[in-house]
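The values are calculated or read from the model by the stated rules, or taken from the named source; none is laboratory data. Keep in mind that what you see is a predicted model, and the values were worked out from it rather than measured. Here the Cβ is made from the backbone with ideal geometry for all residues, glycine too, and neighbour counts use every protein chain on show.
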Amino acid sequence: MLLFVLKRLGVMLLTALCLTFVVFWLTNLEPNLEKLAKEQANARMTDEQVESWLEGHGYRRPLLLRYGEWVGGVVQGDLGTSSVFRKPVAEIVGERLGYTGWLMFWVMVVMVPSALLIGVLAGMREGSRTDRTLSTFSIASTATPEYVSGVILVVLFASSRGGLSPIFLERGTLLKGVATSATDSITFENFALPVATMALYGMGYIARMTRASMAEVMTAQYIRTARLKGVSFPSIVIRHALRNALIAPFTVIMLQFPWLLTGVVIVETLFNYKGFGWTLVQAASNNDIELLLSCSIVAVLVVLVTQLISDVGYVWLNPRIRVR
Amino acid sequence: MEPLSWGGILSGILVAFWPVWAGLAVIFAGSYAARRHLGLYGKLFSSPIGLIGLALVLFWALTALFAPQIAPFAPLEQIAALKNKVPGTPVPDSGGLYYLLGGDNLARDVFSRMVWGSQSVLIIAPAATLIAFMAGIILGLPAGYFGGRLDTALSFLANLVLAFPVILLFYLLVTPEIAREPMVSLGGLGLSLPQMMAAVLFLFPLVFVVMLLRTRFGRRPAQLAPRLGLALVVGLWAYFGLAFNADPLGVLYMDPFLLNIFVSVVFVNSPTVFRIVRGLTMDIKTRDYVSAAQTRGEGPWYIMLWEILPNARGPLIVDFCLRIGYTTILFGTLGFFGLGISPESPTWGMTINEGRRLLSVYPHAAIAPAVALMSLVLGLNLLADGLREQSLKD
């Protein structure tokens with residue numbers, strides 16, 4: 001087991017190095033450097049001035065050398081300075097990640113239990129009417145990306161001209177369509193819509209996986225034995241089926257994190273919530289190279305760590321798999 | 001003229017879509033009559049879910065086809081008096097035309113833009129998915145069949161791409177500078193990064209077709225030569241035209257921005273297809289008919305393409321439907337972040353992005369493309385579900 005984890009860690013480190021190098025190379029492409037020089041010094045520089053500025057600031061040294069220096073800095077905890085926010089990158093990323101952490105926390109709190117419940121209820125009696133209704137709901141939810149469900153939810157709950165608000169209220173809206181104030185204090189009014197938007201898209205997928213796994217477990221021999229023994233149906237589901245049915249969804253939930261990353265970027269842009277995703281968009285659209293690089297390390301690490309946890313967790317939860 | 005009521009708007013939209021209803025009726029009547037001879041597609045008619053999905057997908061396909069007949073206005077036509085007007089507002093001096101779903105903040109018809117927007121997505125999403133599938137198949141078959149070092153190397157590369165956060169890749173890759181700036185020059189031809197990626201990715205369909213022909217007719221050179229020649233001429237023509245914009249006839253051409261988006265979407269999708277094909281191949285290669293072909297002395301590529309691939313078609317067809325839906329979502333995501341083709345193009349993602357700024361006051365401009373995108377993806381997912389159900393019954 002230890003060897004397995006170590007091997008996985010090694011591959012993970014190699015992947016991280018490869019990916020950050022690709023990001024480093026893409027952010028340091030010629031047009032980006034030219035833009036950076038013009039932003040930092042003078043927008044109307046001639047080509048020679050741009051060249052000498054880049055030369056003077058060390059951007060003309062070999063790419064591998066600069067990448068090595070950057071990795072060295074990262075290892076020592078020095079992430080550089082943001083050219084847009086004029087602050088150390090580590091400070092910005094840390095603060096924004098905190099905000100996104102809250103968003104993720106509430107999304108998980110809403111998404112995972114409801115998805116598991118839907119999946120178990122649907123998979124418990126395969127082919128029943130409950131199953132068909134819930135399965136169609138899950139398919140519909142996977143077909144609705146965040147930028148679609150977000151728009152629909154805002155119109156339903158946070159539009160003064162349409163949706164439900166004019167029916168129930170004289171003026172104002174039921175919920176807020178902007179979550180900027182949630183960075184100070186989270187309330188139901190300003191946080192319900194972003195959380196619901198993100199939870200909806202991920203929910204369907206987890207629910208479908210849970211349903212498939214539950215349906216498979218329900219056909220197993222030991223469930224039939226329990227039924228023939230006269231154990232009641234709820235007790236079969238809760239005591240016998242559930243434990244084995246939840247192994248597969250665990251992996252799926254873990255692998256959802258990278259998907260949530262795209263969701264975070266979309267939702268934070270849509271609701272103007274100034275977390276990590278919003279920062280990534282700002283860094284990318286303002287050519288803030290060092291901030292973008294650090295955002296990409298975080299993004300890559302999230303993906304790799306969740307992959308590792310899902311692999312290790314799967315082996316640990318499922319005693320039938322023995323790693324040599 | 002009076003503005004239309006909600007009932008009037010609905011009937012107006014239903015009437016505007018008449019070519020689609022006619023087309024749907026013809027296709028469904030024809031397919032239903034011939035359903036026993038149509039294989040998997042014919043079996044869909046016994047699955048209500050799959051049928052609803054098929055109807056939704058066909059609806060948008062026909063809308064894209066008949067867009068000039070359906071849309072009352074051109075996608076960029078502005079009528080200044082109708083800026084941000086509510087759905088059902090009559091157009092002055094037009095002889096009974098309405099802005100059925102209202103006007104956007106540049107006074108364009110939301111309904112017409114939604115109809116025009118279906119064209120780009122219904123061309124790009126299936127085409128990008130198809131190329132991603134060919135790349136995934138060409139790489140996944142040998143990885144699963146031979147295993148060993150080749151498999152380790154290809155799987156590592158696939159996992160590398162999969163670990164790359166999609167949104168970050170899009171932000172780094174889909175920028176005007178990268179689309180335009182030449183990176184390397186090859187024989188006097190400046191190649192940008194997307195063109196280099198296209199040079200690799202567009203090679204896979206060509207290799208796929210050539211290998212398919214070579215393995216099928218390898219022992220009959222008389223039949224092989226003309227087919228191979230034709231495939232190479234057409235394939236290389238399309239290859240140079242689309243990837244390098246170097247079509248000698250000047251017919252095939254891809255806008256650099258479009259190429260950039262297209263290549264990014266293919267790049268993101270192909271590793272997943274690779275993993276699926278690899279897994280299926282590893283499962284199927286232990287079957288008896290593969291051993292029989294090996295004993296017969298068939299070459300490995302013949303076995304992969306003509307023994308393993310046809311037997312893996314069920315899961316692949318289902319995944320193909322799902323993946324077109326996923327590609328549609330990706331394409332919309334790009335548009336949502338303003339990374340689309342060109343700022344004026346009426347793609348759904350970009351229209352949602354423009355409309356969302358005024359969402360709380362004028363909700364209609366963003367809702368129409370949002371519902372359109374959702375219904376297309378839902379249709380594809382339901383179709384995939386129906387196909388899966390039917391193919392499992394065999």
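In table form, for the structure just shown:
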| read-out | value |
| --- | --- |
| Residue in the range A:3-20 that is over 25 Å from residue A:302 (Cα atoms) and more than 14 Å from every other protein chain (Cβ to nearest Cβ) present | no |
| Test: residue in the range B:293-300 that is in contact with a Pro (Cβ under 9 Å, 6 or more places away or on another chain), at pLDDT below 90 and either assigned to a helix (DSSP H, G or I) or within 11 Å of chain A (Cβ to nearest Cβ) (or both) | no |
| Residue that is farthest from residue A:145 (Cα to Cα) [pool: residues in the range B:282-316 that are surrounded by fewer than 16 Cβ atoms within 10 Å (Cβ to Cβ) and β-branched (Val, Ile, Thr)] | B:295 |
| Single condition residue B:351 does not satisfy, out of (1) crowded, with 24+ Cβ neighbours inside 10 Å; (2) at the interface with another protein chain (Cβ under 9 Å from one of its Cβ atoms); (3) over 29 Å from residue B:136 (Cβ atoms) | (2) |
| Residue match in the range B:44-62 (condition: surrounded by fewer than 13 Cβ atoms within 10 Å (Cβ to Cβ), closer than 30 Å to residue B:310 by Cβ and of a type in the set (A, V, I, L, M)) | no |
| Residue check, residue A:266 modelled with pLDDT under 90 and surrounded by 17 or more Cβ atoms within 10 Å (Cβ to Cβ) | no |
| Cβ-Cβ under 8 Å pairs, at least 6 apart or on other chains, the range B:278-289 side in contact (Cβ under 8 Å) with a residue 40 or more places away in the chain, far side charged (D, E, K, R) | B:278/B:151 |
| Yes/no for residue B:372 being in contact with a helix residue (DSSP H, G or I) (Cβ under 9 Å, 6 or more places away or on another chain) and either of a type in the set (Lys, Arg) or in contact (Cβ under 8 Å) with a residue 24 or more places away in the chain (or both) | yes |
| Helices (runs of 4 or more DSSP H) (entirely within the range A:115-177) containing at least 2 residues that are more than 16 Å from residue B:356 (Cα to Cα) | A:129-142, A:165-168 |
| Which numbered condition residue A:225 fails, given (1) among the hydroxyl-bearing types (Ser, Thr, Tyr); (2) surrounded by 21 or more Cβ atoms within 10 Å (Cβ to Cβ); (3) over 26 Å from residue A:107 (Cβ atoms) | (2) |
| Candidate set: the range A:166-177, residues that are more than 9 Å from chain B (Cβ to nearest Cβ) and buried (at least 17 other Cβ atoms within 10 Å of the Cβ); chosen: the one farthest from residue A:199 (Cα to Cα) | A:174 |
| Unique match (being more than 30 Å from residue A:316 (Cβ to Cβ) and modelled with pLDDT of 80 or more) among A:27, A:20, A:15 | A:27 |
| Inter-residue pairs, beta-carbon under 7 Å, first without any contact (Cβ under 8 Å) to a residue 60 or more places away in the chain and more than 9 Å from chain B (Cβ to nearest Cβ) and in the range A:133-146, second part of a loop (DSSP other than H, G, I, E, B) and of a type in the set (Lys, Arg), 6+ apart | none |
| Meets criteria (within 12 Å of another protein chain (Cβ to nearest Cβ) and modelled with pLDDT under 85) for residue A:180 | no |
| Residues (away from every other protein chain (no Cβ under 12 Å), at pLDDT below 85 and assigned to a loop (DSSP other than H, G, I, E, B)) located in the range A:269-324 | A:318, A:319, A:320, A:321, A:322, A:323, A:324 |
| Matching entry among B:50, B:88, B:103 (being more than 26 Å from the chain's Cα centre (by Cα), within 14 Å of another protein chain (Cβ to nearest Cβ) and farther than 24 Å from residue B:258 by Cβ) | B:88 |
| Answer from B:165, B:205, B:221, B:176 - the residue that is at pLDDT below 90 and more than 28 Å from residue B:338 (Cα to Cα) | B:221 |
| Some residue of the range B:330-341 being more than 14 Å from chain A (Cβ to nearest Cβ) and either farther than 30 Å from residue B:47 by Cα or under 20 Å from the mean Cα position of the chain (by Cα) (or both) | yes |
| Which listed residue, of B:198, B:143, B:179, is under 20 Å from the mean Cα position of the chain (by Cα) and either within 13 Å of chain A (Cβ to nearest Cβ) or crowded, with 18+ Cβ neighbours inside 10 Å (or both) | B:198 |
| All positions within the range A:70-84 that are surrounded by 13 or more Cβ atoms within 10 Å (Cβ to Cβ) and among the small types (Gly, Ala, Ser) | A:73, A:80, A:82, A:83 |
| Subset of the range A:46-68 [part of a loop (DSSP other than H, G, I, E, B) and in contact with a Lys or Arg (Cβ under 9 Å, 6 or more places away or on another chain)] | A:58, A:59 |
| Exclusive hit being more than 22 Å from residue B:126 (Cβ to Cβ) and of a type outside the set (Asp, Glu), set B:314, B:338, B:332, B:325 | B:338 |
| Pairs where the first residue, in the range B:89-100, is within 15 Å of residue B:113 (Cα to Cα) and the second is charged (D, E, K, R), C-beta under 8 Å, 6+ apart | B:99/B:85; B:99/B:109; B:100/B:109 |
| Selected residue [in a helix (DSSP H, G or I) and over 23 Å from residue A:314 (Cβ atoms)] from A:260, A:200, A:255, A:242 | A:200 |
| Test: residue in the range A:85-95 that is over 15 Å from residue A:289 (Cβ atoms) and surrounded by 15 or more Cβ atoms within 10 Å (Cβ to Cβ) | yes |
| Top-ranked residue in the range B:10-29 [being within 25 Å of the chain's Cα centre (by Cα) and not hydrophobic (A, V, I, L, M, F, W, C); ranked as surrounded by the fewest Cβ atoms within 10 Å (Cβ to Cβ)] | B:19 |
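One line per residue, one yes/no per condition, for (1) under 24 Å from residue B:279 (Cα atoms); (2) at pLDDT 90 or above; (3) part of a helix (DSSP H, G or I); (4) in contact with a Ser or Thr (Cβ under 8 Å, 6 or more places away or on another chain):
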residue	(1), (2), (3), (4)
B:316	yes, yes, yes, no
B:339	no, no, no, yes
B:349	no, no, yes, yes
B:376	no, yes, yes, yes
